[in-house]
Amino acid sequence: MIEAKELQRAYQMIKASKGVLIIGHLRPDGDALSSISALRLIAERSGEKTIAFAEGSHPKTFNYLPGFNTILSSVDMLKEKYGKVFFWREVFNLIIVVDCGSLIRTGLSKEILEFQSGGGKVIEFDHHPRIDEYADLELRDSKLSSTAELIYNFTVINNIKLDKNLADCILTGIMSDTGKLLYPSASQATMKASSAALAAGARYAKILQAVSGDKSLAVMRLWGLVLDRVQLNSNYQMAIALVTRKDINDIFPGDQLKTALESELFSDLISFLSNYTGVRAVMLLYEDGRGYVKGSLRSTADGYFVDKLARALGGGGHERASGFAVLGKLENKQDIWRVT
């Protein structure tokens, strides 16, 4: 648990800064985008100049978040607008990194370290287990459901009013990372934060639609194919689903391919698979097109911890939601799937 004085210190650093760059992770999801938006609102209330950045495509379903269209999506855009790191410090002297897990997931690891070496300060807000230790102030609690829940705690400790826009951000991040409050990570404290956001005017129907995503015919075709080949391991009470590169290429040809992989498609699918009766964990394997098979692991409400398996395969994550990547491809021989 993060001490109140650390949350208060972070707020003082924000209010004392001359400008803030807020950074989310590569290919940001709902929690990252909503956390960026929330901290941006808080900083701007104090009169700070803010810049927001997250490398990669931003899911359009979250375009109702305040400032969504001004979140820069490429390093080139950031450098074109603000020049080299030396000139950054003339615009802002504080960087806030949200929901990244590791420094490399910012897409700006070299630039952030150079910014620090020149006297700039870095605050990290995160709910993932620590991988890198680099921030001047690290606000991390891996027992929380989401970074948005951490930011809610930040608002409470610092007596920051939860208005409708900020409430939208908090509830979006929580619902995104808890599978619409269905994952075991949704604790009593998570429900309290969600209730506070709703009481402050968060648009539940809009957020539910955004988090659920708009499922195209192509997405439903892929889901149907995957569900048809789900295997159940009775010894470990685990449901295993597989998606080959050919599946993706056949259903999402051409330019749609990258979008399919970088969306919340697989997150939504593994959430759906966790509804199988008698299953205590789910594993989804898919080929990423770069020579790797990626695995996503999720524990059900009464399931077991999956992070040890992820770490054994070179990955990591939370006790009940983890992932890994192994070099190889998926092959089916005599109705038995293997990673080769």
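Readers should treat all values here as calculations from the given coordinates under stated rules, not as data from a laboratory. None of these values were measured; they are calculated from a predicted model. Please note: Cβ atoms are built from the backbone with ideal geometry, for glycine as well, and neighbour counts cover all protein chains shown.
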Query raised in the report: Taking +1 at the Cβ of each Lys and Arg and -1 at the Cβ of each Asp and Glu, which of Thr155, Gly317, Ala281 sits farthest along the dipole of the chain towards its positive end, judged by Cα position relative to the Cα centre?
Result: Thr155
Query raised in the report: For the peptides 65-74, 314-323, 170-179, what is the packing order when you average, over each peptide's residues, the other Cβ atoms within 10 Å and list the highest mean first?
Result: 170-179, 314-323, 65-74
Query raised in the report: On a 0 to 90 degree scale, rounded to 10, what angle separates helix 30-45 from the longest Cα axis of the chain?
Result: 10
Report task. Convert each backbone phi in segment 287-300 into a coupling constant with the Karplus relation 6.51 cos²θ - 1.76 cosθ + 1.60 (shift: θ = phi - 60°), then list the ³J(HN,Hα) values in order as whole Hz, x for Gly and Pro. Result -> 7, 8, x, 10, x, 10, 9, 9, x, 10, 10, 9, 8, 7
Report task. Based solely on C-alpha atoms, express the radius of gyration and the Dmax of segment 86-141 in angstrom. Result -> 10.9, 33
Report task. Return the sequence-ordered ³J(HN,Hα) values of segment 122-137 in whole Hz as given by the Karplus equation 6.51 cos²θ - 1.76 cosθ + 1.60 applied to θ = phi - 60°, using x for Gly and Pro. Result -> 10, 10, 10, 10, 7, 10, 8, x, 5, 10, 10, 10, 9, 6, 5, 9
Requested in this report: Would you mind computing Rg(Cα) / (2.2 N^0.38 Å) for segment 217-339, counting N as its residues?
Outcome: 1.02
Requested in this report: Evaluate segment 109-166: find the radius of gyration of its Cα atoms, find its Kirkwood radius, and give the ratio Rg to Rh.
Outcome: 1.05
Query raised in the report: Mind checking which lysines have their C-alpha under 25 Å from Lys329, skipping anything on the same chain fewer than 8 residues away?
Result: Lys246, Lys258, Lys294, Lys308
Report task. Would you grab the residues whose amide H sits under 5 Å from the one on Ile51? Only those 5+ places off in sequence or on another chain, please, with H modelled 1.01 Å from N. Result -> Val20, Leu21, Ile22
Report task. Mind putting a number on the dipole of segment 1-154 about its Cα centre? Charges go on the C-beta only, +1 for Lys and Arg and -1 for Asp and Glu, and I need it in Debye to the nearest 20. Result -> 400
Query - For the chain, calculated [θ]222 nm from helices alone, where every DSSP H run of n ≥ 4 adds -39500 (n - 2.57) - result: -12000 deg cm²/dmol
Query raised in the report: Percent relative contact order of the chain, based on C-alpha pairs within less than 8 angstrom and at least six residues apart?
Result: 13
Requested in this report: Return the FRET efficiency for the residue pair Gln188, Tyr292: r is the Cβ-Cβ distance, R0 is 41 Å, and the value is rounded to the nearest 0.05.
Outcome: 0.60
Report summary line: 1/(1 + (r/R0)^6) with r = Cβ-Cβ of Trp337 and Leu208, R0 = 35 Å, i.e. FRET efficiency to nearest 0.05, evaluates to 0.55
Report task. Treat each spin label as a single point 7 Å out from the Cα along the C-beta direction, and report the Lys79 to Arg9 distance in nm. Result -> 3.4
Report summary line: Of the listed pairs Lys5/Lys121; Lys49/Lys79; Lys60/Lys121; Lys60/Lys192, those with alpha carbons more than 26 Å apart are Lys60/Lys121; Lys60/Lys192
Query - Phi-based couplings in Hz for segment 167-177 (Karplus 6.51, -1.76, 1.60; Gly and Pro marked x) - result: 5, 4, 5, 4, 5, 4, x, 5, 5, 5, 8
Report task. Can you tell me the dipole magnitude for segment 217-339 around its Cα centre, using point charges on the Cβ only (Lys, Arg +1; Asp, Glu -1), in Debye to the nearest 20? Result -> 340
